[in-house]
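Any read-out appearing in this document is the output of simple, stated calculations on the displayed coordinates, not a laboratory observation. Here the structure is a predicted model, which means the values were calculated and not measured. Virtual Cβ from ideal backbone geometry, glycine too; neighbours counted across all protein chains shown.
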Amino acid sequence: MIIRKAESQDFEEVFGLLHEFIKEHRKYDKHYYALLPGPEFKKKFRARFMKYPRSRSQFFLVAEDQGVIVGTVRGEVQERHPGFRSEKQGYISQLMTRKSHRGQGIALQLMAEALKRFRAKKIKRAVLRVDAGNLPAKKLYSKLDFCDRQVIMTKYL
């Protein structure tokens, strides 16, 4: 297993994993995850994905096992309002592990590498969002000492 920065040629595999992720996460929020990624979504995601290798404020990591991408995580350094103790924070998203490879510590490895990259940039705080009903993810984040600080409430109109 290797954890590395995503490269442009990884796009199709990563997009396939994202498709799998969205299908699975419908049970947590049927409105948010209502549509499977179609051609327009794929085009927009590709444009964003191709920027990651050159970005200074964002990174996209993949876990590769025997030439197959089995997990991903995205990190971004975000600016915060100057009144906060820490003016920058690390934001983590798109932590995904292929269903066939879960339970092997891949998500922990991806998270460890993401947090290491934030520390190298002197970031003192990392945040993420997780679906309220996603108990396995919440358990994983708790193992990494993430804790509830705020609740985001949603109303669909």
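Going by amide H atoms built from the backbone, whose H comes under 5 Å of the H on K88, apart from near neighbours?
Here the answer is R80, since their amide H atoms fall under 5 Å of that of K88.
Fewest Cβ neighbours within 10 Å first, please rank S100, S93 accordingly.
Working: S100 9, S93 16.
Lowest count first: S100, S93.
Count neighbours as other Cβ atoms within 10 Å of each site's Cβ, and list the GluC sites (Glu not before Pro) in the range 53-157 that are DSSP loop with at most 16 such neighbours. Before the final figure, lay out the partial values.
Working: sites: E64, E76, E79, E87, E113; in loops: E87.
Answer by residue number: E87.
Can you give the helix-only mean residue ellipticity at 222 nm for the chain, where every DSSP H stretch with n ≥ 4 adds -39500 (n - 2.57) and the sum goes over all residues, rounded to the nearest 500 deg cm²/dmol? Present the calculation step by step, with values, prior to reporting the outcome.
Numbers: 4 runs with 50 residues, N = 157.
Computed ellipticity for the chain at 222 nm equals -10000 deg cm²/dmol.
Which whole-number percent is the relative contact order of the range 2-143 (Cα, under 8 Å, 6+ apart)? Present the calculation step by step, with values, prior to reporting the outcome.
Values: 187 pairs, mean separation 32.3, N = 142.
Reported as a whole number, the value is 23 percent.
Given K30/K124; K5/K139; K30/K116, which pairs have Cα atoms separated by over 32 Å?
Values: K30/K124 34 Å; K5/K139 26 Å; K30/K116 34 Å.
Result: K30/K124; K30/K116 exceed 32 Å.
If you filter the range 30-60 for chymotrypsin sites (Phe, Trp or Tyr not before Pro), then keep DSSP loop positions with at most 16 other Cβ within 10 Å, what is left? Kindly include the intermediate steps, with their values, before the conclusion.
Values: sites: Y32, Y33, F41, F45, F49, F59, F60; in loops: Y32, Y33.
Those satisfying the criteria are Y32, Y33.
Would you look at the GNM of the chain, springs on alpha carbons closer than 10 Å, and say which of H25, H101, H81 moves the most?
H81
Taking the alpha-carbon set of the chain, what are its Rg and Dmax in Å?
Calculated on Cα positions, Rg and Dmax stand at 15.8, 47 Å.
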